[in-house]
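**Student:** First, the structure itself, so that you have it in front of you.
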Amino acid sequence: MDAAELRQIVEIFIQEADEALLQFEQCFLDLESVGPSDTLLDKIFRTAHNLKGSSAALGFSDLAEFTHHFETLLLALKKREIEVEPQIVSLLLGARDFINNHIECLRAGRKTPGKGEQLTEAMLRARDPKPKSQVIELPRPPAAGDIWFVGEDSKAKLFEVPQEPARPIKPLPALPLDPKLAAIQAEIERLTQLAASVNMSTVQAAEPAENATAQEVIHSSDEQLAQPNVTEKPELASENSAWSLASIERLLKSQVISETPEFLAQADAIHAAVAQLNPEQNSPRSVASSTAFNTLPTSALADDRSVEHVQQDKSSLVLSTAADFSSEPASTANLKKDLAANSSSPLASPLVSAAGALTVADESVKVNLARIDKLLNYVGELVILQSVLDEHRGVFSSPLLQKSVSQMSKIIREVQEISMGLRMVKLKPVFLKLQRIVRDTSQQLGKEVEANYLGDDTEIDKTVLDRIGDPLVHLVRNALDHGLETPGERANAGKPAKGQLTVHAYQQSRAIVIEVRDDGRGLDTNRIREKAIERGIITAFEQVSEERIRSFIFHPGFSTKSEVTDLSGRGVGLDVVASNVQAMQGRIEIESLQGQGTTFRILLPLTMAVVDGFVVKLGNERYVIPKTQVAESLKPHEVDVNIVQGRSQLLNLRGTTVPLFNLNQLLKRSPSNSSNQTNLTFEGIALVVMENAKQPFAVIVDDVLAQQQVVIKKLGKELQGLPGLSGAAILGDGKPAIILDLVELLLAQSGNLPSQHSTSKTRRVA
Amino acid sequence: MQLNDRFLAFTVDQEQYAVALVNVREVIGESDITPVPFTPHFMRGILNLRGQVISVIDLRARFGLHPADSSAEMSTLILEVNGSLLGMVVDSVDFVLRMQADQLEAPPAYEATPLSRFVDAVARTDRQLIVILSSEKLFSFEESFVTGARSPSAVVA
């Protein structure tokens, strides 16, 4: 195995760990909010166990050791030896974060953070105080060379609470350095587990597993392995474990492994164990569960219902199918055969397959984002070509041709819609992060909060998902810290002690809306107004709408720590929220009733791949300006414009003056047409830009050609970072045009947005 | 110096140059290039190559010569440099040149012309000298693009 293959396996491990970490977070929070249930604890334990197995298999011994202790703590929880208490949940979350940190280091190729002795210590202590019964502890964390089996003694002894800890049959020959073998070993461990879990479900549920989906089956536990104290129906259980061992045996005898003499020896050992356990049973019943190596012969896969992951070329196309036991085995087998033929790395699959089997219940394909973007590129091109065809449809004399073109248009539109949808992912991961924040923050602040999360299955563009997390965390923290009152204050105000916090995501026409709502004290607009006057944002005489006053909290550094009023702190970091949301072509609305609560509403475009924009003309060139930035467009008349000191101009907009800029100058282009700037006649059209709290301004362009949706293309690396140029779009005639960010453009030019303060000064000068 | 043995020769301002063929993705005829603000004069702009937006430089301007008359017939070489596609406008694309290692010479110690920093080697053929340019060096922009506050030192790497 070369370094690239190894890297690939590690990447798959990281992917698997990511899923596990996500699951941990969700489950731990559920432990607290929903309460511990067997299913939940089983799920957590199983996930931890898998993680331990894979990290040991890949030789990440620090992580393996840590997860071992983690698992042991979980086991104690599962056995109800210790109660689920907030500090335990905190500890679990802490451990999860440590693993997360470890994985992040692996991903970045940094040095990993060691064994986490402190947390390990804490986890050991957490188990100690209530030693109701002996916790079965593995003598030492399993290293890559070990396979753990539970008692190879007689079946009667096997299912009694054992007097001695579980121990290895015999350690495998020292092979930990060969990742291929290590992977196979991990696979065997997992197989044992998987087989055992399937069998356990047969024990526990009266019904056989035949019709159960993989998900349901695997919900049951694999207690035999780690904790052989099953007392019910020992005979049946014994029989079951016999199947599972038999299944392993069968797998071991399959061609992959048979190439390795060490494994043949191991297979014999297992065979002996099977014989011992199961002397009367000649032919093991059909094995319901077996996790597949890609290279297994097709026949062995025929009744295999597990998930197949195939690493195809460089791209990480992971195909997963989870079929029911009852689904057509032939087609599944065929599919797998095809996939196996394409597979370049057979070992890649076993590492993910078990995790996949546990988590993936629906049929889905994971596709590299770069591939989707490439597809979108071509689809965009197709749309352009089609619009050209459409335009010239009159040229075609043949009705057949005309009909075909119009039909093609419809299909292309459909294809465009579908392919745009490919970038959409669920908001769930972000919501999970919020749950965690709410939990930690409210504990810190000593506030009681009932948090509701609605619409976590709302789909959002992948790019937006990656960038919406921080703003939402800010808003949620803000709501907890400054929105909600302390229990005492709430009691005084006649409110229930528990504050309400709701995060709600939904789709509204062409936008995604995410609301963060609290029932706290609300915004005090009088105070904000005073503060705004103090800071010179508005003058004392200015009539400003309530809405605009609220928007002042998005001003950078609007509130300071020196403020001791109830609006203290409001606004810290809110300017960051505002600018993040704007960077995503979105906007924020605030609703607030004093004493009753505040709602922050983030409105985001459905996709980052497309923007609604104005195509404007400037000389011979065209630029695209996002519609979200433009409040209105108008043709200014002479009387509306005041020139100040030759350069800056002011536009009189229904009584308010806004600074007026020439886009030509902002872009440092030489004026291309005759529109003389010192002259008071204007050929062009003014676009008024008004974004949240930022000061409105207007820019002059030669003409507005169209209002249309454009696909956003990235500029090359060499052109990135140019101020105000946010990308390119390909217009209907196939020519590219630059997409402008007017606010950023102006900021870069002037160093600062013109404030009303300075504006009023210049007006006096004029 | 490790150089591939095949090169694509082209003309800029009546001089013959070449780049390693391995870097050349394709050659396209004249195309619509949109200028980009805040870029140095040798950055001709962006063009649409089947849905992908590609930055294009003008080799004449890069060499410190007068940019070509936009009416003149030009070709655009699409090069792949460090994983990115980039274009460069040349007067004409001429032929593929195969050179043995011993026919390549280290560049002469040029007097410091704007050109000299892009030169990888010189190829000596029977009739002439052909200057072999480095694609990487052509698309390394130490020049600051912006006259504003946030000028990036863009280097394609």
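Values in this text are rule-based calculations from the coordinates and carry no lab data. Source: prediction; values computed, not measured. Don't worry about glycine lacking a Cβ; one is built from the backbone with ideal geometry, like all the others, and counts go over all protein chains shown.
**Student:** Treat the count of other C-beta atoms within 10 Å as a stand-in for reagent exposure and order A:Glu16, B:Glu80 from fewest to most.
**Tutor:** Least to most surrounded, the residues fall as B:Glu80, A:Glu16.
**Student:** A follow-up question, please. Which distance in Å, rounded to a whole number, links the C-alpha centroids of segment A:466-490 and segment B:1-66?
**Tutor:** 53 Å
**Student:** What is the spin-label model distance, in nm, from A:Glu121 to A:Asp457 if the labels are put 7 Å beyond Cα along the C-beta direction?
**Tutor:** Distance between the two pseudo-spin positions: 4.6 nm.
**Student:** Separation between the A:Gln444 and A:Arg371 pseudo-spin-labels, each 7 Å from Cα along Cα→Cβ, expressed in nm?
**Tutor:** 4.1 nm
**Student:** Take the Cα atoms of segment B:3-138, find their three principal axes, and give me the spread along each one in whole Å, biggest first.
**Tutor:** Result, largest extent first: 42, 30, 26 Å.
**Student:** Here is a further query. Roughly how crowded by other chains is peptide A:733-745, in terms of the mean Cβ count from those chains within 10 Å of each of its Cβ atoms?
**Tutor:** Mean partner shielding for this stretch: 3.
**Student:** For a protection proxy built on the mean count of beta-carbon atoms within 10 angstrom, sort A:587-596, B:53-62 highest first, please.
**Tutor:** B:53-62, A:587-596
**Student:** Which trypsin sites (Lys or Arg not before Pro) in segment A:423-454 pass both tests, a DSSP loop state and at most 12 other beta-carbon atoms within 10 Å? Please list the in-between numbers first.
**Tutor:** Details: sites: A:Arg423, A:Lys426, A:Lys433, A:Arg436, A:Arg439, A:Lys447; in loops: A:Arg423, A:Lys447.
Here no loop site has a sparse enough neighbourhood.
**Student:** In peptide B:24-33, what is the residue-averaged number of other protein chain Cβ atoms found within 10 Å of each Cβ?
**Tutor:** Averaged over the peptide's residues, the number is 1.
**Student:** Would you mind ranking A:Phe66, A:Phe541, B:Phe42 so that the residue whose beta carbon has the fewest other beta carbons within 10 Å leads the list?
**Tutor:** A:Phe541, B:Phe42, A:Phe66
**Student:** Taking the Cα centroid of segment A:7-42 and of segment A:719-737, what is the distance between the two, rounded to the nearest whole Å?
**Tutor:** Taking the Cα centre of segment A:719-737 as reference, the centre of segment A:7-42 is 42 Å away.
**Student:** Tell me the net charge near A:Lys410. Cut-off is 13 Å between Cβ atoms, A:Lys410 excluded, with +1 for each Lys or Arg and -1 for each Asp or Glu. Let's see the in-between values first.
**Tutor:** Values: positive: A:Lys403, A:Arg413; negative: A:Asp390, A:Glu414, A:Glu417.
Taking every Cβ under 13 Å from that of A:Lys410, the sum is -1.
**Student:** How shielded is B:37-46 by partner chains, expressed as the average number of their Cβ atoms within 10 Å of its Cβ atoms?
**Tutor:** 5
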